[in-house]
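K.L.:
Supplied in structure tokens, the structure appears directly below.
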Amino acid sequence: MAFRLLSTLFLVGLSVAYSLNDLTAETYDKTTEGKTVFLKFYAPTCAHCKAMAPEWDKLAEIYKDHEYILVGQVDCNDTRNKELCAMNYVRGYPTVLYGDPQHLEKYEGPRLFLHLERFVETSLKPICSAHNLDLCDDETRATIEELLTLSFKELDERVAKAEEQLQAANEEFEKKLKRIQNDYIKVADRKQDAIDALKDDSLALMKAVKGHKKKLARQATAASM
């Protein structure tokens, strides 16, 4: 009887684990195909991961059979998933990512259930992708179809070129921003110098003289009464 109970509990535990969409490198592509995903990359021993688990599990249970949304998790301590976690630049735990399963973005919001659920409801929509071309506008669809004809080498070259251009744009922006900041500091310094000069000299004298004249006027008025 005890053995049967333990066996039942074990099977229930397995079913819960599977219902929460525990992904591995082997199952990732098939499980996420055609989905907009919300994924937690975690380590079982991580205290923050343990604290977040009930909130995440509740969310995963709600969306476990959803048509296009997949709420899942990846154990980065599992040796099978090391490359998957590295590919998604997971540096700390838990890291929560979302969007196209082949190009995830980082979720920066609160990690309580209400916030997570609201984010899913408002932000996770069916997305245009190579797998969902019917969701793309004509221009994007044509771009994807053209990219699909390229070899991996050609794609790598295009990605590298685009990243170089992005890096150059960022560097140019930083240079211009620094120049603006330096110009602002110089102008602010000149303004402060002018203010200090006025305070030290003419402005202070003018206010003092004005006060003196008011005093003389009051005295004259009093003397004439």
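The values are calculated or read from the model by the stated rules, or taken from the named source; none is laboratory data. Computed from a predicted model, the values in this text were never measured in an experiment. Neighbour counts run over all protein chains shown; Cβ positions are idealised from the backbone, glycine included.
K.L.:
Based on what the data block shows, is Leu116 surrounded by 14 or more Cβ atoms within 10 Å (Cβ to Cβ) and within 30 Å of Pro54 (Cα to Cα)? Write out each step before concluding.
P.N.:
Numbers: surrounded by 14 or more Cβ atoms within 10 Å (Cβ to Cβ): yes; within 30 Å of Pro54 (Cα to Cα): yes.
Here the answer is yes, as Leu116 does meet what is asked.
K.L.:
Lys106 fails exactly one of the following numbered conditions: (1) among the charged types (D, E, K, R); (2) over 14 Å from the mean Cα position of the chain (by Cα); (3) over 20 Å from Pro44 (Cα atoms). What is the number of that condition?
P.N.:
(2)
K.L.:
Output yes when any residue across the stretch 48-62 is touching a strand residue (DSSP E or B) at 6+ places or on another chain (Cβ under 7 Å), surrounded by 13 or more Cβ atoms within 10 Å (Cβ to Cβ) and within 26 Å of His131 (Cα to Cα), and no when none is. If you could, list the steps in order and put the result at the bottom.
P.N.:
Just the residues of the stretch 48-62 that are touching a strand residue (DSSP E or B) at 6+ places or on another chain (Cβ under 7 Å), to begin with: 49, 56, 59-60.
So of that shortlist, the ones also surrounded by 13 or more Cβ atoms within 10 Å (Cβ to Cβ) come out as 49, 56, 59-60.
With within 26 Å of His131 (Cα to Cα) added as a condition, the list becomes 59-60.
Looking for residues that are touching a strand residue (DSSP E or B) at 6+ places or on another chain (Cβ under 7 Å), surrounded by 13 or more Cβ atoms within 10 Å (Cβ to Cβ) and within 26 Å of His131 (Cα to Cα), one finds at least one in the stretch 48-62, hence yes.
K.L.:
Do we have any residue at all in the stretch 137-160 that's modelled with pLDDT under 85 and among the polar types (S, T, N, Q)?
P.N.:
no
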